[in-house]
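Remarks on the structure that follows.
Every read-out reported here was derived from the displayed coordinates using simple, explicitly stated rules and does not represent laboratory data. Small disclaimer: the values here were computed from a predicted structure and weren't measured. Quick reminder, even Gly has a Cβ in these numbers, built from the backbone with ideal geometry, and neighbours come from all protein chains shown.
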């Protein structure tokens with residue numbers, strides 16, 4: 001009803017004694033209502049209308065009408081972010097426009113209460129955009145924008161600082177820059193140490209501990225340094241000591257710790273430490289026949305983004321850790337089909353494609369070892385070569401090339 005009355009006010013205002021003044025304020029109120037409804041119900045038409053009206057308002061000398069130009073630019077940026085999230089319009093063009101507006105807002109004396117929601121909208125849009133398109137060109141820009149926002153906020157803002165660390169981690173995984181690693185770790189450590197209760201940290205500190213563990217794990221996987229491996233294990237244990245954490249994060253860290261301790265045992269000969277109990281998968285939940293049927297059912301009812309649901313993400317990706325535990329060729333065939341289906345179900349530029357792609361290469365090679373069928377070996381080599389062509393997989397290139405060298409020895 002508010003939107004309806006504001007729409008009516010736009011037409012009525014043109015006949016009022018104050019003419020343009022009332023019309024502009026009616027449009028401003030209409031934009032506010034549309035953006036509120038857009039945030040609640042995600043209707044594409046609201047995003048389109050909001051963008052159109054914001055652009056109209058932005059073209060006016062808003063100060064003459066006692067309207068904040070900061071807020072109108074912030075509203076436009078939020079509406080563009082929703083359009084990226086909804087998958088309508090030209091996402092790359094919308095991202096470019098958002099970056100421009102964000103730069104202009106940072107260059108001006110934007111009030112802090114407006115700055116924070118703008119950053120949240122930009123980070124969210126970039127996260128959605130990177131799931132479907134290659135967003136590497138935006139990473140450097142976003143890092144610079146978040147650094148500037150962090151400086152503008154003066155006192156450490158955990159949300160902005162954490163997302164700056166996340167983007168630095170992302171660039172570290174692509175470029176292997178230790179400067180990015182050190183900067184991200186310094187930011188996260190400030191969040192952790194600023195927490196007043198070390199024994200039971202709050203959500204911000206817990207999130208920073210989670211990110212620290214993942215970042216340390218990345219460095220260990222990239223550089224294969226025993227010292228880095230020990231630090232990654234330390235950060236994983238540190239997170240797991242928190243008495244109350246997000247279940248999906250705890251599952252990820254528990255599995256990560258199990259794999260790290262396995263690597264330490266198999267490569268460094270350090271034994272005597274069993275993986276955490278929660279690492280062992282549920283047989284019914286990780287049955288490849290069950291999961292293949294689930295993926296096929298999804299393809300018949302339309303694709304949904306299963307990666308947004310932590311429990312499903314853990315179920316589907318966690319099964320990849322068990323792909324080479326059987327010598328039954330029928331089960332191996334199901335594992336191969338599962339990896340292929342999971343790989344095909346990911347958007348083209350999603351970084352998560354690396355995991356099923358790597359698992360596919362491994363299980364094909366496992367099938368070769370179990371059957372001596374050279375076709376499995378050839379397909380395994382092709383699967384690993386394909387990983388080298390994927391965006392956002394540089395962190396795994398050493399692993400892939402190392403395996404390709406071994407596989408080619410079997411060919412000769």
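Over region 139-263, all Cα pairs binned in 10 Å intervals from 0 give whole-percent P(r) values of 13, 44, 34, 9, 0, listed from short to long. If you build the convex hull over the alpha carbons only and average its shadow over all orientations, what do you get for region 1-153? Give it in nm² to one decimal. Computed as one quarter of the Cα hull surface, the answer is 9.2 nm². Can you give me the relative contact order of region 1-153 as a percent, contacts being Cα pairs under 8 Å and 6 or more apart? Across region 1-153, relative contact order equals 17 percent. On the basis of the beta-carbon distance and an R0 of 25 Å, residue 120 and residue 2 show a calculated FRET efficiency of 0.55. Each semi-axis of the equivalent ellipsoid for region 181-254 is √(5λ) with λ an eigenvalue of the Cα gyration tensor; in descending order they amount to 20, 14, 9 Å.
How do 262, 70 rank when sorted from fewest to most other Cβ atoms within 10 Å of their own Cβ? With the fewest neighbours first, 262, 70 line up as 262, 70. Each peptide among 103-114, 158-169, 376-387 gets the average number of other Cβ atoms lying within 10 Å of its residues, and from highest to lowest they stand as 158-169, 376-387, 103-114. In region 66-181, the convex hull through the Cα atoms has an average projected area of 7.4 nm², a quarter of its surface area. Length gained on full extension, residue 45 to residue 177: 43.3 nm, using 0.36 nm per residue less the C-alpha separation.
Spin-label pair residue 107-residue 141: with each label point 7 Å from Cα along the Cα-Cβ axis, the two points sit 1.4 nm from one another. Legend: calculated FRET efficiency, residue 375 to residue 296, from the Cβ-Cβ distance at R0 = 35 Å, rounded to 0.05, equals 0.90.
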